Each structure stands twice: as structure tokens, then as C-alpha cells.
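Structure, as C-alpha cells:
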Amino acid sequence: MQYVFALAGNQNSGKTTLFNRLTGSNQHVGNWPGVTVEQKTGTLLHHHHGKSAHVGPPMLRRNREAEENNDVQLVDLPGIYSLSPYTMEEVVSRDFITLQKPNAVINIVDATNLERNLYLTLQLAELETPLVVALNMMDEVNKQGDAIDVNSLSEALGVPVVPICARNGDGLDELVRQSMMAAEKHILPGKLDICSGDTHEALHAIIHLIEDKARAKGLSPRYAGTKLLEGDEKIERLLELDEGTLHIIGEIIARLEKQAGMERAAIMADARYTFLDGVIKKCVVKAQNAPESPSARIDRVLMHRALAFPIFLLMMLLVFFITFGPFGTWIADGFAALIKQGISLIDRGLTAANTAPWVQALLVDGVLAGVGAVLEFLPTIVLLFLLLSILEDSGYMARAAFLMDKPMRKLGLNGRSFIPMIMGFGCTVPAVMGARSMQSQRDRRFTIMLTPFMSCGAKVPIYALFTRAFFPEQGVLVMCCLYLGGMLMAVISASVLKKTVFHGDAAPFIMELPAYRLPTLANVGRQLWDKAKDFLQRAFTIILAATVVVWFLQTYTFRLTLADTMEESMLGVIGGFIAPVFRPLGFGSVSAATAVITGVIAKESVVSTLAVLSGTEVGSSQMMAALHGIFPSNLAAASFLTFVLLYMPCVAAFAAMRREMQGRGIALASVCCQTALAWLTALLVYQIGGLFVF
Amino acid sequence: MAKTLADLMPGEGGTVAYVGGEGALHRHILDMGLTPRTRVKVGKLAPMGDPMEILLRGYSLTLRKADAAEIILEEE
């Protein structure tokens, strides 16, 4: 029989680490139906090896741990704190458990933060689904000198509790064993009486009233009753209660609210936390004179009133210096040389094998040259993501959001918008996806609209090429102008959008500040692997196709004969048709227009298109000369750079925007506005610049 | 006027009496553990004075002052 397990838990509870441990490399990422919440599914691995088995990147791990348990699929639920009906993540989670009825739910709990984590556990226990609690971070609890009586905790909660350490794999065998047993024997959580007195009576009266209706809908009466008491309109509608019942429930609750002196939602939250207070008093022994937590000590420096912003700025500069400075360039150059060698090797091989000249030309000049130009860029992306994911996993990014909330709110956004925007410097696609962490659609859409202004990493080769050709002495200055210019545009756009499209205030900023933790190699490696894979997939699909199409369009005429000159080719005709649009901007040549078009497929293609169209090799001195032909003046080059900085993002980013904004119209409108803005700004640069430079 | 969580200075503590706000915000504040009778302490403020860090139930939570003003504290 095929089993399905669900993994539930708070954010920052180590859920991702546990999921990766339990499933290894066998993961599938998709979306929950109808909403933009990521759904990860994986096949559960057997756990016989305990500690030593899972270190290193997923590729290396696969052979060592080939033994898979094909019978169990593990579904990773979003990180949530409660099962309220207010956020997509919570609704998705509770619907999955109540409607899909997984065979067991594994609830990961941060043992250093039991009270708030168990709040979710109490709600999960109401669902009449086998539940196993994985008590994570036991190593930290021990280090703090605290002690948790696992057996009495299990007894108090009415569910099996397994102490684990997801970081090093301790306790996972037992966790899997207990979960399998709970699923096979269908062991339901024990019925807990978390409320007392008036609340207890009121809850039981409601449960009694709706028991049959709830059963008919496949819901646990206790869960349905609790939700009704809390004022959950989704459950109220689902149960299709008659007027009379609703009226009685209303009266019960009105009386209870008067007795308790609180309103309904507060009564239940209070009851759960009061119950947990008792559980924790019984099961946890806190160390005497606990020293100040390491996080608090680190924060005294990193979040210091005067130092916080300078340190933050320094961190960001450091990230950029490492990625784009001498170190990053050294790695990127080495990689590029390697690729060039590979291509020439293949070229020689093809010649030796007497390949037809046109096939060789297509493969070497079209496919390999294009893909090679993109691949050269891989080290930069990987390095940037490495640094950003270290900052994220360490807990610093949450602090960055805390720091930036007030300034971001001035723009009409919230602190959390800052993280996607920073990621936008790497790649717009994951940045747009990162906006999912915001729960309000307004904030999400607003952030996504501004993200493309953060100059993405794929534009770096364009900037690098142009600074070498036109501004060899002022490289740093040009880079700064471009990056800051993009940010300035984002600020200006934000203030316009705030007054027009996005009225009102940003969503509340209620967020856990997680403890600082050392990022694990496995987690960072996993993220890097996913990013690199994603990038390579794009390189070998969209970008490869685009390169071949561009090569085809520029090699053949519309009559499908070989084009003698570029003007005759299909691409030349199309480019020539569009070129006049860019004439006022100073770069009205067919080549420039064509490069702009291919840049929509992928920004990296701008460079390869310019190379292919000028019949030169990327980065060669011939290409530099050719560029001076395409862009008659430094000002025209500056205008082109401005346009490339601001115009619509690539198709992959557009696809992500459409998905995450939940609307094609708004995504289309925003990229059109960006392109119009790019045109106008480049026009200003060229025309006003022309007054000063001759 | 009643004292609210937003009135506390860093290092000061209090006990929650009542949680205001509506709908999702109200519910979210409660879910995060800011229920009546909970002891809270203000950790630090962001360098620009807002948002604030609230220490409760052994963890830290960020809250904007505007939202913290919805949380009424008991008279000491």
C-alpha cells in the first residue's frame, strides 16, 4: 500500500533540513493547486545509517543511500504557526490534512521554543489523523542545560514524541519507525481536554450540536467545533448549518464571551497557551541562571542602534565584492577559459569527423557559442546565491527585514520586500518567487513589480562588455551608476505606484526573529544545487532554443535561402523594422535592435547576439571594434546600457511574475510600463547627455 | 488612557490585558502567543525606532509600533 505522510511545522523549526534528510535527492517541486504556495514532495528514505550517511551535495549522496522506501511519499506543508483561515499557507495545510487525509502527519517542533511550536501541535492533534511529534534541536536544549522529559511530554500531548536532531540525523530512524507504526495501525492522537470550566462546556455543547454534520463532511467534530468557537467562517460555510443551529451556537458563544471577558478567538488561543504552560511546567526543567543567549549577544552588535545600518551596508558590499570583485572574476575567467577549450575541442572533433559544414556552423557558431556565453556566467550566479543563502540560513536576513521595515514602509512596502529585492540582483526569477513570503497580495504584487529594477546578474556580461569597449577606465563608476540607477528608478516607481495602483498600507510586520544558527553545508548545498540546476535547465532549453532561432533567423532569408549579408536575413529585416524606434535613443542600428529583441528571451543573449551579428568572437578585439561601429558614440552606448538596465525582464522572469502576481494582465502591464520607462530614461540620457558631450 | 505595548521602552516589561485589532491581524497576534495574561518584554527597537522586538514565551517577535498600540497592558 502506498502511504502519504505530511510534514508540518513552524517556520525556522528546521523543517527544510528534516525534509531534505528524510527524502534525500528525490524531490519534486510544484505548486499547491490554485495558489502560489510551493509544494515539495519526496520519497521517504529508509534510515538505517543514522549519523554518517548524509553529508555533501545531493549528487554525491545518491549512491551511498540508494535504498528508498517507495511506499511512502512525504509532502512538505508550508511553514505555519496555526491553522487559522487567514493565510494561504495555513488554509493549504489544513485542507491537505482534512481533505487528502495523509496516513500520518509528522510535526516538527523546535525544542528550544516549545510553547509557541506546540500551539500548532494542539491544533494538528484535533484533526483525527495519526500524528507524530519530532522534537528537533535537542542538542541545543542540552547545551543550554535545560532538560525535557520526553515521555511525560508524549503523555501530556497524547501523541508519540521522538527527540531528533535534523542537522546531524540523530533520531531519524526512530522517527520514521514511529511514523510508519502510527500510519499502519492508524493510531490517532489521544483526546485532550485543553479547555476548562465555561469554555469546556461551551465547546462540548457546540461539538454535540454539529457532530453529525461534521462527520458527514469528513471533518473531526472536535476540530470543526473548535473552529466554530473561534469564528472560522470557512468551516461555518462548509458545514452548511441551518439557521436554528447557527443561532444556538451564536448564543453559546455570546454567553461564553461574557463569562470569560474576552472575545472568541482570544478565548481559544488563551486556552491553548494556558494548557501548554501547564505541560511545560511539568515536562521541562530550565537551567538555573541561564546565560544570555548567543543570539542576544550577537544582536547587541549587529542590531546596535548606530552600527546596524553600516554593518548591513558592509555585508551587502562584501557580498558584491566577493561575487563581482577580483575573486569572482578569477573564478568566472577560469571557467570561461575551460568552456572555450571545450568548444574548440568539439570544433576540431567535428572537422576530423568530416561533418557537413552547415551542421558544424550551426553547432559551433550557433549552439555552442551561445550556450557557452551563458555558461560562463554560472560561477557568478552560484557564488551570489551561496552568499545570500548563507545570510538567509544564518538568520541575518530576518534581521535585515527588521532593519529595513521602516524605510521600506515609506515606499509603501514592508521589511520583507527587501529580501526579494536583494535577490533580484542575482536573478529576477527566484526573487519574484521569494516574494511569496509576503501574505498580502498587494505587498506581493508591489514588490514583484519593483524587483526587475534590481539589475539582475544576467546583465553583468553586457555591462562588462560595454565598459571594456567604451569605458575601460571608468568601470567601477559605470557599474555603480547602473546599479544605483536601477534602485533609484525602483524608488521613483514605488512612490508613483503607492499613490496610484497600490493605495493603503503595507501588511502588518509580525515576524519571528529566529535565533542565529550556523548554516549547514547540506542545506546551502541543496539550495545551490537547485539554483544551478534551474539555471542550467534554462540555459539548455529557453536560451539554447533562442540561440538556435537567432542563428537561423540571421543565416537565412525569408525565402529560406542563405543570406549573403545580415540585412538580407530574416533577423535583419525584423531588426530593421524595429530599429527606428531606438533612433532617438542613439542606437538605431539593426544589430542593436536585434540584440534588444533577443534580450527579451534572455539577457545573456544580448552579448551573444551582438557577437554573432558582428561575426566576431565574444570578448575579442574585433568585437570591441565592431561595437564601436554599432554604437557610434560613448553616449549611445550609455543610452543602450540604460535601456537594457530598465526594459522588460526576460521571458522566464515574466512567466514567474505572471504566476506569482496571479494575473496575466497585471504582469503584462508592469513589463510594458518598464519598457516604456526604459525608453524614456534612455532618451533623456541621450538627449540631455548630448548637451554636455559632443 | 490605557498603557499599550507601544509605550514600553527597551528593557521594560508588562502583562497583556487585551488584544485589539481585527480579523487576520488580531488572530495572528493571538496565535503568536500574545494572549491575555502573557508576560512580555521589549527587546530592542530597529535603528529607526520602529519596528520593535518583543520577547515573550522564550522567543522574539517583531511588531510595528502601530500594531503594538493595539495591545493593551494591565495596570501595574
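Worth a mention:
- Test: residue in region A:615-625 that is part of a loop (DSSP other than H, G, I, E, B), surrounded by fewer than 23 Cβ atoms within 10 Å (Cβ to Cβ) and of a type in the set (Val, Ile, Thr): yes
- Qualifying residue in region A:358-368 (condition: within 30 Å of A:Ala506 (Cβ to Cβ), surrounded by fewer than 20 Cβ atoms within 10 Å (Cβ to Cβ) and away from chain B (no Cβ under 14 Å)): no
- Residue satisfying all of: in region B:32-47; open to solvent by 10 Å² or more (accessible area, probe 1.4 Å) and touching a Pro at 6+ places or on another chain (Cβ under 7 Å); nearest to B:Glu76 (Cα to Cα) among these: B:Gly43
- Filtered by the rule that a residue be within 11 Å of chain B (Cβ to nearest Cβ) and in a helix (DSSP H, G or I), region A:279-290 gives a lone residue, A:Ile280.
Conditions tested, residue by residue: (1) in the same structural domain as A:Gly415 (by TED's automatic domain parsing); (2) under 25 Å from the mean Cα position of the chain (by Cα); (3) within 22 Å of A:Gly615 (Cβ to Cβ).
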{"site": "A:Phe321", "(1), (2), (3)": "yes, yes, no"}
{"site": "A:Gly325", "(1), (2), (3)": "yes, no, no"}
{"site": "A:Leu338", "(1), (2), (3)": "yes, no, no"}
{"site": "A:Val367", "(1), (2), (3)": "yes, no, yes"}
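- Condition check for A:Thr36: under 30 Å from A:Gln662 (Cβ atoms) and at pLDDT 90 or above: no
- All positions within region A:291-300 that are assigned to a loop (DSSP other than H, G, I, E, B), open to solvent by 70 Å² or more (accessible area, probe 1.4 Å) and in contact (Cβ under 8 Å) with a residue 12 or more places away in the chain: none
- Number of the condition not met by B:Ser60 [criteria: (1) open to solvent by less than 30 Å² (accessible area, probe 1.4 Å); (2) more than 7 Å from chain A (Cβ to nearest Cβ); (3) in contact with a helix residue (DSSP H, G or I) (Cβ under 9 Å, 6 or more places away or on another chain)]: (2)
- Against the numbered list (1) open to solvent by 30 Å² or more (accessible area, probe 1.4 Å); (2) away from chain B (no Cβ under 14 Å); (3) modelled with pLDDT under 90, A:Leu411 comes up short only at (2).
- Taken together, A:Ser196, A:Ser220, A:Ser295 contain a single residue that is within 13 Å of another protein chain (Cβ to nearest Cβ) and among the hydroxyl-bearing types (Ser, Thr, Tyr), which is A:Ser295.
- Identity of the residue in region B:15-25, more than 11 Å from the chain's Cα centre (by Cα) and not small (Gly, Ala, Ser), that ends up nearest to the other protein chains (Cβ to nearest Cβ): B:Leu25
- Filtered residue count, region B:26-50, keeping only those that are facing chain A (nearest Cβ under 7 Å) and farther than 27 Å from A:Ala111 by Cα: 4
- Unique residue being more than 10 Å from every other protein chain (Cβ to nearest Cβ) and free of Cβ contacts under 8 Å to residues at least 40 places away in the same chain when the list is B:Glu76, B:Glu12, B:Glu53: B:Glu12
- Some residue of region A:72-86 being in the same structural domain as A:Ser25 (by TED's automatic domain parsing) and more than 24 Å from the chain's Cα centre (by Cα): yes
- Selected residue (only one of A:Ser605, A:Ser639, A:Ser569 is crowded, with 19+ Cβ neighbours inside 10 Å, assigned by TED's automatic domain parsing to the domain that holds A:Leu684, out of contact with any Leu (no Cβ under 6 Å at 6 or more places or on another chain) and closer than 26 Å to A:Leu484 by Cβ): A:Ser605
- Here A:Gly426 fits the description: crowded, with 22+ Cβ neighbours inside 10 Å and not in a helix (DSSP H, G or I).
- Candidates A:Pro472, A:Pro519, filtered to the one that is surrounded by fewer than 20 Cβ atoms within 10 Å (Cβ to Cβ) and farther than 30 Å from B:Lys44 by Cα: A:Pro472
- Taking the criterion of being away from every other protein chain (no Cβ under 13 Å) and touching a helix residue (DSSP H, G or I) at 6+ places or on another chain (Cβ under 6 Å), the residues of region A:495-527 that qualify are A:Phe502, A:Pro519, A:Asn523, A:Val524, A:Arg526, A:Gln527.
- No other residue among A:Asp95, A:Asp76, A:Asp71 is at pLDDT 85 or above, in a strand (DSSP E or B) and of a type outside the set (A, V, I, L, M, F, W, C) apart from A:Asp76.
- Test result for A:Leu528, in a helix (DSSP H, G or I), at pLDDT below 85, open to solvent by less than 50 Å² (accessible area, probe 1.4 Å) and under 22 Å from A:His28 (Cβ atoms): yes
- All positions within region A:301-315 that are part of a helix (DSSP H, G or I) and either free of Cβ contacts under 8 Å to residues at least 40 places away in the same chain or more than 10 Å from chain B (Cβ to nearest Cβ) (or both): A:Val301, A:Leu302, A:Pro310, A:Ile311, A:Leu313, A:Leu314, A:Met315
- Looking across region A:1-19, the residues that are of a type outside the set (Gly, Ala, Ser) and either open to solvent by 10 Å² or more (accessible area, probe 1.4 Å) or closer than 11 Å to A:Asn117 by Cα (or both) come down to A:Met1, A:Gln2, A:Tyr3, A:Val4, A:Asn10, A:Gln11, A:Asn12, A:Lys15, A:Thr16, A:Thr17.
- Just one of (1) over 22 Å from A:Arg21 (Cβ atoms); (2) outside any helix (DSSP H, G or I); (3) under 29 Å from the mean Cα position of the chain (by Cα); (4) not aromatic (Phe, Trp, Tyr) fails for A:Gln123. It is (2).
The values are calculated or read from the model by the stated rules, or taken from the named source; none is laboratory data. For clarity, every value in this text was computed on a predicted model and none was experimentally measured. All Cβ positions, even for glycine, are placed from backbone atoms using ideal geometry, and neighbour counts span all protein chains on display. We work out accessible area using only protein heavy atoms, side chains counted, and drop any ligands, DNA or RNA first. Shrake-Rupley method; radii C 1.70, N 1.55, O 1.52, S 1.80 Å.
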